[in-house]
Amino acid sequence: MKKAFLSNIKSIVFFGECMVEHRADADTSFAGDTFNTAWYLAQLIKHDSILAIYYATAIGDDTASHKLSDLLKSSGIKTKYIATRTGMNLGQYWIKIDNRGERQFDFDRSKSPVKQYVEQHPALLEALGEKEFDAIYLSGVSLAVLCDAQRELLIRSLIQFKQRGGVIIFDNNYRSALWGAFEARGWFKKIMALAELVFLTDEDEYSVYGTTNVDEIIQCHFSQPNHPDTLVIRCGSAPCIVVDKGGDSILRISPEALVSSKIIDTTAAGDAFAAGFLSATFKTKDYDESAKFAHRLAAKVIQYHGALIPKKVLTDLIARES
């Protein structure tokens with residue numbers, strides 16, 4: 001099972017917020033859900049020259065913002081759609097983990113420069129209208145950090161983008177600290193009606209829609225008049241579910257067993273999973289093989305602190321997969 005629309009993607013923009021990350025091991029880095037996926041995807045495909053990756057966000061003019069800009073460029077991520085706002089600083093977050101590696105976040109993003117990105121920096125909306133790239137990837141967090149007026153502007157541009165043949169990829173990634181389930185649900189439905197491929201985390205779905213199992217998640221979305229072509233449902237250590245349009249074809253792919261003592265920090269596991277799935281699919285693998293690789297990548301990520309694992313670890317993983 002594989003959709004032709006993914007094979008035709010040669011350029012993709014990830015839109016969202018990237019913050020300074022304070023890890024549980026006292027180290028610092030950068031992270032943010034769509035940024036994490038963009039970073040992993042860029043590392044996974046960098047030797048294949050099959051895809052141009054852009055990141056769209058707003059940064060400040062502080063030292064951290066300059067370091068983030070350097071990281072993006074050195075990672076092979078294009079910065080055409082990044083806006084710089086004078087006198088502003090990147091948001092920050094702190095990771096707390098329990099003895100199972102499960103994480104909690106504390107945020108300081110009240111003055112994050114990305115909050116006014118859509119209104120004050122129209123380049124991304126103009127690019128969507130002109131279809132300057134093939135696909136856009138955004139998340140629940142991408143929507144949550146914007147006000148209603150900016151969300152409406154973004155949705156209108158996404159409609160134009162889709163009408164011109166653009167591909168929309170969505171990750172539900174719900175954060176209750178940013179907005180309530182009722183508000184999120186309304187905006188999620190608007191995006192889901194436009195998206196071709198959607199990554200869902202089961203626990204987020206239960207929180208937003210009140211569903212209680214995977215079958216209800218599938219029914220909830222495919223019962224809508226306009227719905228995605230493909231759902232990829234991440235279920236933690238349980239098998240992930242890949243569902244084709246209409247629910248006619250369902251794959252259940254189990255991860256390889258990982259002893260609990262190796263789990264350090266589950267931050268960015270879902271983001272890395274999405275990157276692994278996309279990278280394998282872009283390389284012409286079918287959904288079954290793509291999901292298996294996504295599981296392996298996510299399993300590697302949770303054995304390290306923070307969102308981004310050491311590049312050498314990732315390089316070694318890529319070499320073993322070749």
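The values are calculated or read from the model by the stated rules, or taken from the named source; none is laboratory data. Please read all numbers here as calculations on a predicted model, not as lab measurements. In this analysis, Cβ positions are derived from the backbone assuming ideal geometry, glycine residues included, and neighbour counts consider all displayed protein chains. For accessibility, only protein heavy atoms count, side chains too; no ligands or nucleic acids. Shrake-Rupley method; radii C 1.70, N 1.55, O 1.52, S 1.80 Å.
Confirm whether THR79 is surrounded by fewer than 22 Cβ atoms within 10 Å (Cβ to Cβ) and over 23 Å from ARG296 (Cβ atoms).
yes
Just wondering, is there one or more residues in the range 252-263 that are over 24 Å from PHE14 (Cα atoms), part of a strand (DSSP E or B) and touching a residue at least 12 places away in the same chain (Cβ under 8 Å)?
Among the residues of the range 252-263, at least one is over 24 Å from PHE14 (Cα atoms), part of a strand (DSSP E or B) and touching a residue at least 12 places away in the same chain (Cβ under 8 Å), which makes the answer yes.
Return yes or no: is THR267 closer than 23 Å to PHE15 by Cα, touching a residue at least 60 places away in the same chain (Cβ under 8 Å) and either open to solvent by less than 50 Å² (accessible area, probe 1.4 Å) or not aromatic (Phe, Trp, Tyr) (or both)?
yes
State all residues of the range 45-70 that are farther than 15 Å from TYR81 by Cα and either touching a Cys at 6+ places or on another chain (Cβ under 7 Å) or of a type in the set (A, V, I, L, M) (or both); if no residue qualifies, say none.
Matches in the range 45-70: ILE45, ILE50, LEU51, ALA64.
Okay, residues lined up against (1) over 18 Å from the mean Cα position of the chain (by Cα); (2) at pLDDT 95 or above; (3) surrounded by fewer than 19 Cβ atoms within 10 Å (Cβ to Cβ):
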{"position": "ALA149", "(1), (2), (3)": "yes, yes, yes"}
{"position": "LEU153", "(1), (2), (3)": "yes, yes, yes"}
{"position": "ARG156", "(1), (2), (3)": "yes, yes, yes"}
{"position": "PHE161", "(1), (2), (3)": "yes, yes, no"}
{"position": "GLY165", "(1), (2), (3)": "yes, yes, yes"}
{"position": "ASN172", "(1), (2), (3)": "no, yes, no"}
{"position": "GLY186", "(1), (2), (3)": "yes, yes, yes"}
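Residues LEU51, LEU41: which one is in contact with a helix residue (DSSP H, G or I) (Cβ under 6 Å, 6 or more places away or on another chain), modelled with pLDDT of 95 or more and either open to solvent by less than 50 Å² (accessible area, probe 1.4 Å) or on the phi < 0 side of the Ramachandran plot (or both)?
Answer to the selection: LEU41.
Which ones in the range 275-322 are under 17 Å from ILE50 (Cβ atoms), buried (at least 16 other Cβ atoms within 10 Å of the Cβ) and either of a type in the set (S, T, N, Q) or modelled with pLDDT of 95 or more (or both)?
Hits for the range 275-322 are ALA275, GLY276, PHE277, LEU278, SER279, THR281, SER290, PHE293.
Taking the range 197-213 as the region of interest, how many residues are farther than 21 Å from ALA272 by Cβ and either surrounded by 15 or more Cβ atoms within 10 Å (Cβ to Cβ) or at pLDDT below 95 (or both)?
So the count comes out to 5.
Any idea which residue in the range 119-144 is farthest from VAL13 (Cα to Cα), counting only those that are of a type in the set (A, V, I, L, M, F, W, C) and in contact with a Gly (Cβ under 8 Å, 6 or more places away or on another chain)?
VAL141
Could you please find all residues in the range 217-249 being farther than 12 Å from THR201 by Cβ and not in a loop (DSSP other than H, G, I, E, B)?
Within the range 217-249, ILE218, GLN219, CYS220, HIS221, PHE222, THR230, VAL242, VAL243, ASP244, LYS245, GLY246, GLY247 qualify.
When you scan the range 229-236, do you find a residue that is of a type outside the set (A, V, I, L, M), at pLDDT 95 or above and closer than 29 Å to ILE95 by Cβ, even just one?
Checking the range 229-236: at least one residue is of a type outside the set (A, V, I, L, M), at pLDDT 95 or above and closer than 29 Å to ILE95 by Cβ.
For the range 72-180, give me every one of the strands (runs of 3 or more DSSP E) that falls completely inside it and has 3 or more residues that are of a type in the set (Val, Ile, Thr).
Per the criteria, 167-171.
Select from the range 196-216 the residues that are outside any helix (DSSP H, G or I) and among the hydroxyl-bearing types (Ser, Thr, Tyr) and write down the one among them that is nearest to VAL167 (Cα to Cα).
The residue in question is THR201.
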